[in-house]
Structure formats: C-alpha cells, structure tokens
Amino acid sequence: MTVKSDARMRILIAAERLFAERGITDVSLREIGAAAGQRNNSAVQYHFGDKEGLLKALYEHRLAPLNRRRLELLDEIETEDPRDELLRLVRAYVHPLIEQARHGRSHYARFVSRYVAAGHLPAEPFGREHLSGVTQIMGRIEAHMGDLPSPLRHERLRMMQLLVTSVAADLERRVEQHQITPDHAGLVARELVETTAGLVGQSAGTER
C-alpha cells in the first residue's frame with residue numbers, strides 16, 4: 001500500500017467511526033483528518049474533495065464487497081417452497097452486514113444505521129457493482145407481499161431496513177466492547193432473519 005493510499009484508508013476508517021458516533025452533519029472534515037493522524041488540515045479535501053466525495057468513497061469501500069456477498073447468497077437460492085425462499089432472501093440481505101459486524105472490525109453498521117434512520121438510502125450515484133444484489137433481494141422480497149397495497153409494502157421494506165441496520169449496529173457495538181462473542185452474534189443473526197421474515201411475510205389478512 002502506498003503512502004497516499006494508506007492515508008486515504010486511514011481517513012475512511014476515521015470518518016466511518018466519527019460518523020457512526022456523532023452523525024454526518026456534526027463532524028467536520030478537519031476533525032476527520034485529525035482523527036486519521038493527518039497533520040495537514042486540508043488532507044481530507046486533498047483525497048476526497050468534500051464531505052459528499054468522502055461519503056461516496058466510504059460507501060464504495062463497503063458496498064462493493066457486501067454486494068458481491070449478497071450475489072453469492074442469491075445464487076445459492078434454489079427452492080420451490082415460498083416460505084423457504086423468503087427466509088433465504090432475508091438471509092441474503094442480513095448476513096453480509098452481520099458477518100462484517102460480528103467481528104467488530106468496523107463501524108459501518110453503526111454508520112449505516114444512522115444514515116438509514118435519517119431517511120437516506122445509499123442509492124445514487126452507485127451502480128450495479130454496489131447495489132445489484134440488494135436491488136434483486138428487495139424486488140424478490142416485495143413479490144412475496146403481493147396481496148398488500150403498495151404503500152404498505154413499501155412501509156414493510158422500510159421497517160425491514162430499520163430493524164436490520166439497528167440490530168446490526170447494536171451487535172457491532174457489543175462485539176467491539178466484548179459484551180458478546182462472535183458466536184453469540186451469529187445466534188442474533190439467525191433470530192434476526194426469522195423475525196425479519198415474519199415481518200415482511202405477514203399477509204394483509206392478518207392486519208388488525
């Protein structure tokens with residue numbers, strides 16, 4: 001790794017941690033540079049231009065491998081049982097994020113949980129290498145909610161994103177602070193898949 005790329009990675013890691021702890025708007029580029037050990041106050045601008053460029057680079061760093069893993073799990077889904085297919089689809093959405101969080105090696109789940117809760121979605125300007133997996137998963141999960149009105153389907157998907165990202169963020173924090181082991185985190189992941197599948201798979205006929 002070159003000096004330039006090493007500095008860039010240090011900045012990304014520092015930004016992810018600070019954004020996770022305090023939110024995007026309350027962290028300055030100068031603070032990020034200082035947390036990354038950069039003496040030049042303009043180091044972040046040099047590498048990323050502005051905060052938007054930094055956010056884009058951070059998502060590119062995390063989303064591409066997550067997308068590859070989700071595509072791998074999608075390729076493994078072969079079943080004629082609709083219930084089993086829904087569980088596998090939810091697992092393909094949940095597990096890549098949990099697999100990263102359960103080892104306590106990043107702040108990404110906490111960062112993305114804040115981002116999603118604020119009403120943002122990592123859509124544009126990302127392409128297939130970042131989002132093709134989650135796009136397929138969401139479309140196929142929504143197909144399992146065909147008897148629900150469109151607004152309710154969208155709300156269910158929103159609930160799913162909030163549930164998964166918030167649980168992943170909490171799990172990531174607890175692993176990092178040695179409150180739970182990675183094995184226990186795996187148990188949480190299994191329960192999260194079951195709970196999420198129950199949420200999105202509930203039919204309109206069971207609505208009160």
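Here, each number is a calculation from the coordinates, and none is a lab measurement. Being a predicted model, the structure only gives us computed values, none of them experimental. Here the Cβ positions follow ideal geometry from the backbone for every residue, glycine too, while neighbour counts run over all protein chains shown.
Would you calculate, for the chain, the mean residue ellipticity at 222 nm contributed by helices, counting each DSSP H stretch of 4 or more residues as -39,500 (n - 2.57) and dividing by all residues, to the nearest 500?
Mean residue ellipticity at 222 nm (helix-derived): -24500 deg cm²/dmol.
How long are the three semi-axes of the equivalent ellipsoid for the chain, computed from the Cα gyration tensor as the root of 5 times each eigenvalue, in whole Å, largest first?
After diagonalising the Cα gyration tensor, the semi-axes are 33, 18, 16 Å.
Quick one: order 9, 145, 138 by neighbouring beta-carbon count within 10 Å, fewest to most.
Exposure proxy ranking, most exposed first: 9, 138, 145.
Note the angle between two axes, namely the Cα long axis of helix 82-101 and the longest principal axis of the Cα atoms of the chain, as a number of degrees from 0 to 90, rounded to the nearest 10.
Around 20 degrees separate the two axes.
Roughly speaking, what is the stretch gain from residue 183 to residue 39, that is 0.36 nm per residue apart minus the C-alpha to C-alpha distance, in nm to one decimal?
Value of the extension gain: 47.9 nm.
What dipole magnitude, in Debye to the nearest 20, does the chain give about its Cα centre under +1 on Lys/Arg Cβ and -1 on Asp/Glu Cβ?
860 debye
Hey, what did region 1-120 get for relative contact order, percent, Cα under 8 Å, at least 6 apart?
Normalised by residue count, the contact order of region 1-120 is 31 percent.
Of the listed peptides 21-27, 94-100, what is their order by residue-averaged count of other C-beta atoms within 10 Å, with the highest listed first?
94-100, 21-27
Arrange 88, 102, 30 by Cβ neighbour counts within 10 Å, fewest through most, would you?
30, 88, 102
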